[in-house]
Amino acid sequence: MSIEKFEPESCAADGRLHFAVTERNRGPILEVLKKVLAPGLVVEVASGTGQHAVHFASALPEQIWQPSDLDPAMRSSIAAWRKHAGLGNLLEPLTLDAETTWQLDTAPVALVAINLIHIAPWSVCCGLMQNAGRLLAAGSQVVLYGPYRRDGQHTAPSNSEFDAMLKAKNPAWGVRDLEAVTAEAAGQGLAPKEVVEMPANNLTLVFQKASIPC
Ligand SMILES: C[S@@+](CC[C@H](N)C(=O)[O-])C[C@H]1O[C@@H](n2cnc3c(N)ncnc32)[C@H](O)[C@@H]1O
């Protein structure tokens, strides 16, 4: 698929890109990850700059953190952050397109995607869930973070404005319905496990691969 570019707020001399929003949400997301992740390989889809990958790998030594992104500029930034941090549990970024089928050498305990599915066509959410359904063992998880509509309504005026802004930029983008994401997950054998309210009217959704089809 074609990719849209996200403009970073700043860039270090060594190529590390920086999103301010990523700096702000990393703490609350980490608190959820600490509670829900089992030790093992975590594949982060659409890692962006690599700021999250470094923060999470540093704080979660029982995880092997596998960052990835479709955009080569983001993968370069992830590699620069990785070099800067020197963490043994943070792997080189992979080229993963959430929308297409990919293979992994090791089964992950979780797929994590932060601020992806509303800034991409719906087919990206579907592809992500299909990959999760195929790759995850029973008990493994999908963790999504972002804004969602609930019961067909935005949860805050700011999310409604954000949705309009996204759709003006790309009509295929937009804040997703929690129920539609949950249905897509269920179709791939992933049962809803937790919905965590996050700062700034965001949610973290945790889905778990069921041992029998859900
Ligand atoms: C808004 S940024 C979020 C980045 C990071 N997760 C964060 O929260 O800082 C969205 C990211 O999704 C990536 N992306 C867009 N479509 C993708 C796809 N189909 N597969 C993988 N990554 C994708 C973009 O390159 C970009 O890095």
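We did not get these values from a lab; they are worked out from the coordinates using the rules stated. Because the structure is predicted, anything quoted here is derived from the model rather than measured. Using ideal geometry, Cβ is built from the backbone for each residue, glycine included, and neighbour counts are taken over all protein chains shown.
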> How large is the helix-only mean residue ellipticity at 222 nm for the chain, computed as the sum of -39500 (n - 2.57) over DSSP H runs with n ≥ 4, divided by its residue count, in deg cm²/dmol to the nearest 500?
Replying inline: -11500 deg cm²/dmol
>> Check which residues have an amide H placed less than 5 Å from E44's amide H, if you skip close sequence neighbours.
In response: Q66, S68, V112
> Where the centroid of each part is defined by its Cα atoms, how far is the range 161-214 from the range 75-100 in Å?
Replying inline: 25
>> As I understand it, the dipole of the chain uses +1 on the Cβ of Lys and Arg and -1 on the Cβ of Asp and Glu, about the Cα centre. Which of C126, A20, G50 lies farthest toward its positive end?
In response: G50
> Under unit Cβ charges (Lys, Arg +1; Asp, Glu -1), what dipole magnitude, rounded to 20 debye, does the chain have relative to its Cα centre?
Replying inline: 220
> If amide H atoms are built 1.01 Å from N in the plane of the peptide, which residues on other chains or at least 5 residues away come under 5 Å of the amide H of R176?
Replying inline: R149
> For H18, which sequence-distant residues (separation of 5 or more, or a different chain) have an amide H within less than 5 Å of its own amide H, given hydrogens modelled in the peptide plane?
Replying inline: E9, S10
> Where Lys and Arg each count +1 and Asp and Glu each count -1, what net charge lies around Y148 among other residues with Cβ under 13 Å from its Cβ?
Replying inline: -3
> How big is the Kirkwood radius of the range 10-209, worked out from every pair of different alpha carbons and given in Å to one decimal?
Replying inline: 16.9
